[in-house]
1. Taking the options 110, 179, 154, name whichever one is on the phi < 0 side of the Ramachandran plot, acidic (Asp, Glu) and free of Cβ contacts under 8 Å to residues at least 24 places away in the same chain.
2. Take the conditions surrounded by fewer than 21 Cβ atoms within 10 Å (Cβ to Cβ), at pLDDT below 95, assigned to a helix (DSSP H, G or I) and of a type outside the set (Ser, Thr, Tyr) and apply them to residue 90. Does it pass?
3. Do any residues in region 236-259 that are within 16 Å of residue 203 (Cα to Cα) and touching a residue at least 40 places away in the same chain (Cβ under 8 Å) have Cβ atoms under 7 Å from those of residues that are in a helix (DSSP H, G or I) and among the acidic types (Asp, Glu), where the two are at least six apart or on different chains, and which pairs are they?
4. Could you please find all residues in region 166-178 being of a type in the set (D, E, K, R) and at pLDDT below 95?
5. If I filter region 21-31 for residues that are under 16 Å from the mean Cα position of the chain (by Cα) and farther than 16 Å from residue 126 by Cβ, do I get at least one hit?
6. Regarding residue 60, is this residue assigned to a helix (DSSP H, G or I) and out of contact with any Gly (no Cβ under 9 Å at 6 or more places or on another chain)?
7. Could you tell me which numbered condition residue 122 fails, if it satisfies all but one of (1) surrounded by fewer than 19 Cβ atoms within 10 Å (Cβ to Cβ); (2) in a loop (DSSP other than H, G, I, E, B)?
Amino acid sequence: MFFVLHFFSGQRRPGDFQDWLDQSLAIVHYPVWVISLDVAIDAKLCDLSSSGGVARWLDLAIAGRVVMVLAGPPCETWSVARWNGGSRDAGNGPRAVRSSAQLWGLPDLDATERQQVALGNALLRTVILFLAAARVFGFSAVMEHPQTPAWMPDAPSSWNLPELKLLARAGGTECVHLDQCCCGTPWKKPTRLFAVNLPELGRLVSRLPGGGKCRPALGHRHVVLSGKGADGTYRTAPAKTYNSVMCKVLADAAFGGIARFLHGHLGVMAAERGLPSEIAQLHVPLDHYDPESWTAWTHDCARATT
């Protein structure tokens, strides 16, 4: 049995990454299970900020049981929407907590900000660990995060971290630009998909309108993802969830990578193994679809405060 791990998946929903990939896998009967990992699903098994929680999945990867990892680590503390020129004045929104010179966090954070940055750092380090493991052990991995804001060079970007720059120079990797409006969202949200051992992803993104890059000819009018709406919620909130088109692109790329992987493991179809019970409980079917509970969770894999 092999696994696709989707870190920070959020609640299950129709048209999500797992939904699309499960449909493709069901047709060919590959011995692959898609596991959506989020504390909204299981607070202990899906805690990717703890060494014990991470070790379980890393051990599976080292043992050759993981064929792909998809991860969009929390971007709240990296978002250009909170940069505001680096102002430490809260104003109408959260203060900047990082800068281009201090990517892992500013020194003068208050207690709440320190906790938020520490969690974001721990989860991002987990993703970097799995990207590096993918290079060593040969499975595929994708990290999704906001694109470097070239129009705001002093703003922080995770892609300027030395660890990610080093990985980007390695063979078998690709940086894929995607403006999410090309997937049909009302916002542009420039995004980078960093792919390890997954050449299918760049090819599929290139088939989107504009080749995945917003152009005047597409006639897009974008919703601005900054500030708060009339209901008091941040306008960035709806953009935290991948829409169905983006999920299908990611799932189709994953399926291509899985087919390649299994082609090199011709004996797996005859040697399918059972699923460990503690992992089986994380394979959440869509009959658990519960949109009423979504508002109780934030995208940084932590219970929302009231």
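The values are calculated or read from the model by the stated rules, or taken from the named source; none is laboratory data. Just so you know, these numbers come straight off a predicted model, no measurement behind them. Here the Cβ positions follow ideal geometry from the backbone for every residue, glycine too, while neighbour counts run over all protein chains shown.
1. On the way: 179 fails: free of Cβ contacts under 8 Å to residues at least 24 places away in the same chain; 154 fails: free of Cβ contacts under 8 Å to residues at least 24 places away in the same chain.
Exactly one residue qualifies, and that residue is 110.
2. On the way: surrounded by fewer than 21 Cβ atoms within 10 Å (Cβ to Cβ): yes; at pLDDT below 95: yes; assigned to a helix (DSSP H, G or I): no; of a type outside the set (Ser, Thr, Tyr): yes.
The answer is no for residue 90.
3. Close Cβ pairs (under 7 Å, with a partner that is in a helix (DSSP H, G or I) and among the acidic types (Asp, Glu)) amount to 253/200; 256/200; 257/200.
4. Step one: list which residues in region 166-178 are of a type in the set (D, E, K, R), which gives 169, 174.
Within region 166-178, 169 is the sole residue that qualifies.
5. So in region 21-31, the residues under 16 Å from the mean Cα position of the chain (by Cα) come out as 21.
Remaining after also requiring farther than 16 Å from residue 126 by Cβ: 21.
Within region 21-31 (the criterion being under 16 Å from the mean Cα position of the chain (by Cα) and farther than 16 Å from residue 126 by Cβ), the answer is yes, since at least one residue qualifies.
6. On the way: assigned to a helix (DSSP H, G or I): yes; out of contact with any Gly (no Cβ under 9 Å at 6 or more places or on another chain): yes.
For residue 60, the condition - assigned to a helix (DSSP H, G or I) and out of contact with any Gly (no Cβ under 9 Å at 6 or more places or on another chain) - is met.
7. If we test residue 122 against (1) surrounded by fewer than 19 Cβ atoms within 10 Å (Cβ to Cβ); (2) in a loop (DSSP other than H, G, I, E, B), just (2) comes out false.
This table checks each residue for (1) outside any loop (DSSP other than H, G, I, E, B); (2) small (Gly, Ala, Ser); (3) within 28 Å of residue 128 (Cβ to Cβ); (4) modelled with pLDDT under 90.
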site: 194; (1), (2), (3), (4): yes, no, yes, no
site: 200; (1), (2), (3), (4): yes, no, yes, no
site: 224; (1), (2), (3), (4): no, no, no, yes
site: 242; (1), (2), (3), (4): no, no, yes, no
site: 246; (1), (2), (3), (4): yes, no, yes, no
site: 249; (1), (2), (3), (4): yes, no, yes, no
